[in-house]
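The values are calculated or read from the model by the stated rules, or taken from the named source; none is laboratory data. Everything numeric here is computed off the predicted structure, so don't read it as measured data. Backbone-built Cβ (ideal geometry, glycine too); neighbour counts: all protein chains shown. Please note that ligands, DNA and RNA were not included when accessible areas were found on the heavy atoms of the full protein model with its side chains. Shrake-Rupley method; radii C 1.70, N 1.55, O 1.52, S 1.80 Å.
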Amino acid sequence: MSVITGASSGIGAASARALAAGGARVVLAARNAEKLNELVTSIRDAGGTATARITDVTRPDDVEGLIEFTASEFGPVDHLVNNAGLMLFSQWSDRAVDDWNKMIDTNIRGYLNAISAVLPTMIARQSGHILNMSSVAGIRVGGASGVYSATKFFIRGITDSLRQEVGTEHGIQVSMISPGVIDTGWADKVTNDEGKKIAQDLNEGAIHPDRVADAVVFALNQPADVTVNDIVIHPTRQEW
């Protein structure tokens, strides 16, 4: 059973389709009920098994409820795709504190909430797979992406720490994927004027989310004694 956060669009939706097409049962979590229900319908129409749970990853009780729902309906979570994220660009001089806090809440607290929710049963079973979605912004900082990059450096740090502890002690696979510029509609969500221009320029030449979904499937399909540490995916004609 695979749980995917941020599943209503972009990489999360593409990963849900790809995993379901390969026979996985998927529980899709996000805040947008309409998009989630449309995705569930499309997966079922294609012969897959999917259900949705409205979830705000910034709320610990929501995420605990997601995992409890999954366990009661389908059994323990085998795979967590920790994908819900927010990318908002601005210059430091803009002091876009509201945007900073939104990214901290989603990209940091949201990931921690999901990890906390799945760890007890994974440790008890001595098996499971946690896949954290990072970014090339967690490898190198670009213009106007200071806080966003910092959240992705954080994800890199916790992934390495998890792998060292729960991987070696409890046999849990811990992976990370670091996409470059992916055409997920993220640039349209940037509200800061200057940041939006940078985001739109950067998004030219972006690759399709399906390319990342292929990597998600590859990482999760590895046997229990193999862990994929990090896969970096980016457009051929863009530097990172």
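Points worth noting:
Condition check ((1) touching a Ser or Thr at 6+ places or on another chain (Cβ under 7 Å); (2) in a loop (DSSP other than H, G, I, E, B)) across all residues:
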position	(1), (2)
140	no, yes
149	no, no
157	no, no
160	no, no
164	no, no
168	no, no
174	yes, no
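- Residue ID - least open to solvent (accessible area, probe 1.4 Å), chosen from residues in region 81-133 that are of a type in the set (S, T, N, Q), out of contact with any Ser or Thr (no Cβ under 9 Å at 6 or more places or on another chain) and at negative phi: 127
- Residue match in region 131-150 (condition: under 18 Å from the mean Cα position of the chain (by Cα), modelled with pLDDT of 95 or more and over 20 Å from residue 230 (Cβ atoms)): yes
- Pairs with Cβ under 9 Å, 6+ apart, first in region 20-31 and aromatic (Phe, Trp, Tyr), second buried (at least 24 other Cβ atoms within 10 Å of the Cβ): none
- Test for residue 145: is it more than 23 Å from residue 217 (Cα to Cα), buried (at least 20 other Cβ atoms within 10 Å of the Cβ) and of a type in the set (Ser, Thr, Tyr): yes
- Yes/no for residue 21 being crowded, with 24+ Cβ neighbours inside 10 Å and either out of contact with any Cys (no Cβ under 7 Å at 6 or more places or on another chain) or closer than 19 Å to residue 218 by Cβ (or both): no
- One residue alone among 68, 64 is in contact (Cβ under 8 Å) with a residue 24 or more places away in the chain, under 17 Å from residue 113 (Cα atoms), open to solvent by 10 Å² or more (accessible area, probe 1.4 Å) and over 16 Å from the mean Cα position of the chain (by Cα), and that residue is 64.
- Taken over region 40-61, the residue count meeting the criterion of being farther than 28 Å from residue 120 by Cα and open to solvent by 30 Å² or more (accessible area, probe 1.4 Å) is 6.
- Matching option when the condition is part of a loop (DSSP other than H, G, I, E, B), at pLDDT 95 or above and β-branched (Val, Ile, Thr), among 58, 41, 106: 58
- Residue within region 13-32 that is part of a loop (DSSP other than H, G, I, E, B) and within 23 Å of residue 101 (Cβ to Cβ) present: yes
- Applying the set (1) surrounded by fewer than 23 Cβ atoms within 10 Å (Cβ to Cβ); (2) modelled with pLDDT of 95 or more to residue 192 leaves exactly one unmet item: (2).
- In region 81-103, the residues that are of a type in the set (D, E, K, R) and part of a helix (DSSP H, G or I): 94, 98, 99, 102
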